[in-house]
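The values are calculated or read from the model by the stated rules, or taken from the named source; none is laboratory data. It should be emphasised that the depicted structure is a prediction, and the values quoted were computed from it without experimental measurement. Note: ideal-geometry Cβ built from the backbone for every residue, glycine included; neighbour counts use all protein chains shown. Remember, those area values only see protein heavy atoms, side chains included, never the ligands or the DNA or RNA. Shrake-Rupley method; radii C 1.70, N 1.55, O 1.52, S 1.80 Å.
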Amino acid sequence: MSWRSPITVAIAAVACLGLLAGCSDEDPPQNDDQASGAQPSAGPQAPAQQPGQAPKVDKPLDIAQAARSKCSLMPEEALAELGITDAGTENDFGVCMWDTGTVSLTLHENKGLDAVYQMRADGRFDAFEPGEIAGYPSVTTTPQKSPTAACSVFVGVSDTASFTVAVTDSDGQKDPCDVAEDLSEAVVEKLANG
């Protein structure tokens, strides 16, 4: 398969990440009626669509130090298991990319998962699956209109910071969401262990 497909999908993934970067802390809060698909809730399990409702992070990790050499956060062993041996390169948008964009890593130093939940409320994802990666809250997503071989995993490392691993799969042999989740776990472990 041509490399154009992964590049195109990577551009779509970066566009999705740009949406996260564009979320403003000054956005007006939405009430239950304004958020699409929101349902009232009386307990701590509030609807995921509501801003400010992402799970809290119990053991925050500091990504400010890691941002200086962000491409080194992706363990070489984890990439080698995918057959990726090239060094990561940081593009003009601050996104680290490997294998012509098949794998990318973005750090969001000032945006926690609340911004991702707001994007869900705005209808920007075709798929949105909350979960946990190595003890940290996560969301596995497929951006709207993206090819089926694209998947992004957002991981909240504090209430105000997160990272995203985006994966495309040009050969259809691996589920890109499984790969993105595995790589995200490796990034969390590297962050936690310095």
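Skip the ligands, DNA and RNA, and give the accessible area per residue of region 98-194 with a 1.4 Å probe, whole Å². Show your work: numbers first, answer last.
Numbers: 3760 Å² over 97 residues.
Normalised by residue count, the accessible surface of region 98-194 is 39 Å².
Would you check the accessible area of residue 71, probe 1.4 Å, heavy atoms only, in square angstrom rounded to 10?
Surface accessible to solvent at residue 71 totals approximately 30 Å².
Between residue 80 and residue 178, 0.36 nm times their residue separation minus their Cα-Cα distance comes to what? Display every interim value, and only then the final one.
Values: separation 98, 0.36 × 98 = 35.28 nm, distance 1.57 nm.
Result: 33.7 nm gained on full extension.
So for 124, 68, what's the accessible-area order with a 1.4 Å probe, most first? Please report the intermediate quantities before stating the final value.
Details: 124 80, 68 185 Å².
Putting 124, 68 in descending order of accessible area: 68, 124.
Answer with one residue from 108, 82, 128: the one whose Cα lies farthest towards the positive end of the charge dipole of region 77-128, charges on Cβ with Lys, Arg +1 and Asp, Glu -1.
So the residue we want is 128.
In debye, nearest 20, what is the charge dipole magnitude of region 114-194 about its Cα centre with +1 on Lys and Arg Cβ and -1 on Asp and Glu Cβ, if you could check?
Working: 5 positive and 14 negative charges, 55 e Å.
Using only the charged Cβ atoms, the result is roughly 260 debye.
With a ≥ b ≥ c taken as the square roots of the eigenvalues of the C-alpha gyration tensor of region 55-180, please select rounded if a/c is under 1.5 and otherwise prolate if a/b is larger than b/c or oblate if it is not? Walk me through the intermediate numbers first.
Numbers: a/c = 1.67, a/b = 1.13, b/c = 1.47.
Note, shape of region 55-180 comes out oblate.
Over 23 Å between Cα atoms, which of 70/174; 59/174; 70/190; 70/111 qualify? Walk me through the intermediate numbers first.
On the way: 70/174 25 Å; 59/174 32 Å; 70/190 11 Å; 70/111 16 Å.
Exceeds cut-off: 70/174; 59/174.
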